[in-house]
1. With both partners inside the chain, how many of the DSSP beta bridges are antiparallel, as a percent to the nearest 5?
2. Looking at the range 62-120, which trypsin sites (Lys or Arg not before Pro) are DSSP coil and have at most 10 other C-beta atoms within 10 Å of their C-beta?
3. What ³J(HN,Hα) values, in whole Hz, does the Karplus curve 6.51 cos²θ - 1.76 cosθ + 1.60 give for the range 10-24 when θ = phi - 60°, with x put for Gly and Pro?
4. What Kirkwood Rh does the range 104-252 have if only Cα atoms enter the pairwise 1/r average? Answer in Å.
5. If amide H atoms are built 1.01 Å from N in the plane of the peptide, which residues on other chains or at least 5 residues away come under 5 Å of the amide H of LEU244?
6. Taking every pair of Cα atoms in the range 101-181, average 1/r, invert it to obtain the Kirkwood radius, and report Rg/Rh to two decimals.
7. Between their Cα atoms, which of LYS2/LYS181; LYS172/LYS218; LYS32/LYS109 are more than 24 Å away from each other?
8. Please list 3J(HN,Hα) in residue order for the range 118-130, calculated via the Karplus relation 6.51 cos²θ - 1.76 cosθ + 1.60 where θ = phi - 60°; whole Hz, with x for glycine and proline.
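Any read-out appearing in this document is the output of simple, stated calculations on the displayed coordinates, not a laboratory observation. If you're wondering where the values come from, they're calculated on a predicted model, not measured in any experiment. Cβ placement follows ideal geometry from the backbone for every residue including glycine, while neighbour counts extend to all protein chains displayed.
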Amino acid sequence: MKVYFLGTGTSQGIPVIGSSHPVCHSVDPKDKRLRVSVWISWEDTSLVIDCGPDFRQQMLHSGCSRVDAIFFTHEHADHTAGLDDIRPFNFRQGPIPLYAHVRVLENLKKRYDYIFETENKYPGAPSVDVHEVTDAPFIFGKKQIVPINAHHGTLQVFGYRIDDFAYLTDVKTIAPEELAKLSGLRVLVINALRIEPHDTHFNLQEALDFIRAINPGKTYLTHISHVFGFHEAVQQTLPKNVFLAYDNLEINI
Ligand SMILES: [Zn+2]
């Protein structure tokens with residue numbers, strides 16, 4: 001299985017528009033972060049988790065030419081605002097399956113009503129097949145997908161486990177019973193916004209406490225704010241086997 005980090009930034013991305021912060025002016029490519037998303041592929045299966053406002057740019061840059069599904073974590077714009085740009089995939093493949101919590105699907109129907117139109121739909125509009133994700137594991141691409149429940153402030157979010165890999169973002173709290181679903185991981189991806197605490201995201205210490213509880217082989221931190229610091233400087237402070245992810249990083253699991 002190949003995991004390609006399409007974006008590792010928090011909601012505004014890095015650089016932030018108009019910012020004078022030194023990280024926003026860094027010349028290190030690892031300090032340029034598009035909105036958070038990951039492309040996962042194995043054998044003849046290719047999926048992305050989330051589809052934010054940088055989706056088009058991410059698909060062009062990564063060379064991704066087929067998307068068999070989009071799994072959504074939650075409905076916030078930094079995870080969903082690229083949905084209109086699935087059209088090139090529609091023209092080649094047909095409707096794209098969307099997997100999400102029913103609440104997220106209802107939200108997308110409200111925000112992208114023209115995509116879900118059943119009468120007199122504009123012929124060039126995106127087309128999707130919706131699949132409701134519940135707590136129950138499901139099969140996709142011949143693999144078992146295990147949804148992981150967590151909370152982003154008061155908002156429920158889903159993470160996804162596929163074999164010995166799990167991807168969770170926008171987590172602030174997670175119930176103890178969900179941790180058992182994350183045992184024996186080789187690779188974990190988890191959000192860590194910055195050093196300072198935040199109301200709806202893990203900060204670094206909360207992410208490190210979570211990593212200690214899960215004990216994966218390796219961990220990559222994502223959904224990173226510019227105020228976290230320069231990539232190289234932050235990386236040097238991290239424990240062994242914990243890494244800051246960066247855009248276009250590709251790992252094989
Ligand atoms: Zn987010």
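1. DSSP beta bridges in the chain are roughly 55 percent antiparallel.
2. Passing both the DSSP loop test and the Cβ count: no residue.
3. Karplus values, whole Hz, x for Gly and Pro: 6, 4, 8, x, 10, x, 7, 3, x, 7, 9, 5, x, 5, 6.
4. In the range 104-252 this quantity evaluates to 17.2 Å.
5. The list, which skips near neighbours in sequence, is LEU221.
6. Computed over Cα atoms, the ratio is 1.06.
7. Checking Cα-Cα distances, LYS32/LYS109 exceed 24 Å.
8. So the Karplus estimates, Gly and Pro as x, are 9, 10, 6, 5, 4, x, x, 5, x, 10, 9, 10, 9 Hz.
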